[in-house]
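*Asks:* Handing you a structure now.
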Amino acid sequence: MNNPFMLRALELARKGKTSPNPMVGAVLVKKGRIIAEGFHAYAGGPHAEVVALRKAGNKARGADLYVSLEPCCHMGRTPPCTDAIIQAGVGRVFAGMKDPNKLVQGKGIRALKAAGIKVSYGLMKDECEKLNEVFVKVMKTGMPFVAIKTAMSLDGKIATRQGDSKWISGVKARDFVHELRNQNDAILVGTNTVLKDNPELTCRLKRKGARHPARIILDRKNRIPLKAKVFSNGKTQRVIYVSGPNLSAIRKKSLLGKNVEIIIGKTGKSGFDLKHLMKNLAKKDMTSILIEGGGEINGSAVSAGIVDRIYAFISPILIGGHQAPGPIGGMGVSKIAKAIGMKNVNVKQIGEDLLVEAEPCSVE
């Protein structure tokens, strides 16, 4: 059941740009009226509860606090929120969900109860967990939340037989993709995408607060020219280059000179070990990654079981051709019964294109 105060907390939480921290909103209520509210604006900044309490001042005493995530009880970049709540004399706390961080995980709730504050958690739990699905994934698995974006023709082609792919989707669909880029920490592409398209991988939203995600470039055989656009603006847009084992000293020096971070990727017979790479990226505070590569890297990601969501645009055009590639490469399954199913499927029209948003079921 929706609660108007928790709904407001969720609305406030979405205003923050908090990665790698969770998005959190807080609302203080007295006699059925909101007296103060706040949200966590950025990592390292004051938490939502503290912002609301500062605004309320002495009025916070005896008030109800609605917060989308269990208040923290440990010293991080900022002091524990539980201490501030207790000192302010809040009467009751309604938390949307428990914090999956090992440093909290119910300890915040217990600290508040020990101080005599009535605590209830689980109010609009599903909505709160959905809001912070990225944070939850990282805390529970040590892996970033990974999405694939692909665009295909009505007959399932992502390019012509000669590799031309500009533009399969329409203008409104491409605008949506820039919204996705703005929401994610990084865009990941492989060698072929850079060699064929020479993309900039920037976010072209004009509004205030829009950000360029980091660029993660997979180049196992170290073939991408150093003059490629993905290596430009290294001082203003983070670039992480994932190389194979045979990276020359000269190439390494040139990349470092462009402010490019280098990871020597773990490789196997079929390419990079993507699970190993994702754990490495999570340690670099890359919590959400959007894959915008071709069929081979998409296929590898799906086979590795690292994909949490797929955004597939279907454009009302026909390309045809036996050699024209599809969105998922690799060997594929041998039987339809082994095909990877989808859940939470949502379909909507964006301009002339259809967007199918879905989550892969677990790969057995």
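The values are calculated or read from the model by the stated rules, or taken from the named source; none is laboratory data. Quick caveat: nothing in here was measured; it's all calculated off a predicted structure. Quick reminder, even Gly has a Cβ in these numbers, built from the backbone with ideal geometry, and neighbours come from all protein chains shown. Please note that ligands, DNA and RNA were not included when accessible areas were found on the heavy atoms of the full protein model with its side chains. Shrake-Rupley method; radii C 1.70, N 1.55, O 1.52, S 1.80 Å.
*Asks:* Accessible area of S248, 1.4 Å probe, to the nearest 10 Å²?
*Replies:* Number for this one is 60 Å².
*Asks:* Right, here's the next one. Quick check: at a probe of 1.4 Å, how many percent of the accessible area of the chain sits on carbon and sulfur atoms?
*Replies:* 51
*Asks:* Taking a quarter of the surface of the Cα convex hull of region 115-192, what do you get in nm²?
*Replies:* Its Cα hull, projected and averaged over all orientations, spans 9.2 nm².
*Asks:* Once the convex hull of the alpha carbons of region 206-349 is built, what does its volume come to per residue, in cubic angstrom?
*Replies:* Hull volume normalised by residue count: 188 Å³.
*Asks:* Please work out how much accessible surface Y42 shows to a 1.4 Å probe, ignoring ligands, DNA and RNA, in Å² rounded to 10.
*Replies:* 120
*Asks:* Same structure again: Diagonalise the Cα gyration tensor of region 82-160 and give the resulting equivalent ellipsoid semi-axes, square root of 5 times each eigenvalue, largest first, whole Å.
*Replies:* Each semi-axis is the square root of five times an eigenvalue, giving 41, 13, 9 Å.
*Asks:* Counting residues in the chain as N, plug N into 2.2 N^0.38 Å and put the Cα Rg over that result.
*Replies:* 1.11
*Asks:* Amide H neighbours of M97 under 5 Å, at least 5 residues apart or on other chains, H built in the peptide plane: list them.
*Replies:* L69, E70, G122
*Asks:* Counting only DSSP beta bridges with both residues in the chain, what percent are antiparallel, rounded to the nearest 5?
*Replies:* 40
*Asks:* How are the Cα pair distances of region 132-264 distributed, in percent, across 10 Å bins from 0?
*Replies:* 11, 36, 35, 17, 1
*Asks:* Dividing the convex hull volume of the Cα atoms of region 38-195 by its residue count, what figure in Å³ per residue is obtained?
*Replies:* Hull volume normalised by residue count: 155 Å³.
*Asks:* How big is the convex hull of the Cα atoms of region 278-319, per residue, in Å³?
*Replies:* In region 278-319, the Cα hull volume divided by residue count equals 90 Å³.
*Asks:* Additional query: Stokes-Einstein D for region 220-265 at 25 °C, 0.890 mPa s, Kirkwood Rh over Cα pairs, in µm²/s?
*Replies:* Roughly 231 µm²/s, to the nearest whole number.
*Asks:* Tell me the per residue accessible area of region 57-149 using a 1.4 Å probe; a whole number in Å² is fine.
*Replies:* 46
*Asks:* Follow-up. Divide by every residue of the chain the summed helix terms, -39500 (n - 2.57) for each DSSP H run of at least 4, and state the resulting mean residue ellipticity at 222 nm, rounded to the nearest 500 deg cm²/dmol.
*Replies:* -8000 deg cm²/dmol
*Asks:* If I model a spin label at K102 and V171 as a point 7 Å from the Cα along the Cα→Cβ vector, what separation in nanometres do I get?
*Replies:* According to this spin-label approximation, the distance is 5.1 nm.
*Asks:* Counting only residues 5 or more places away or on other chains, whose amide H sits under 5 Å from the amide H of Y241 once H atoms are built in the peptide plane?
*Replies:* I217, E261, I262, I263
*Asks:* What fraction of the Cα pairs in region 32-88, stated in percent, has a spacing above 15 angstrom?
*Replies:* Looking at region 32-88, the distances longer than 15 Å represent 43 percent of pairs.
*Asks:* How much area per residue is accessible in region 223-278 when the probe is 1.4 Å and only protein heavy atoms are counted (Å²)?
*Replies:* Per-residue value: 59 Å².
*Asks:* Which values of log₁₀ I(q)/I(0), to two decimal places, follow from the Debye formula for region 75-122 at q = 0.23 Å⁻¹ with a uniform point scatterer at every Cα?
*Replies:* -0.85
*Asks:* I'd like the antiparallel share, as a percent to the nearest 5, of DSSP beta bridges with both residues in region 208-318.
*Replies:* Just about 15 percent of them are antiparallel.
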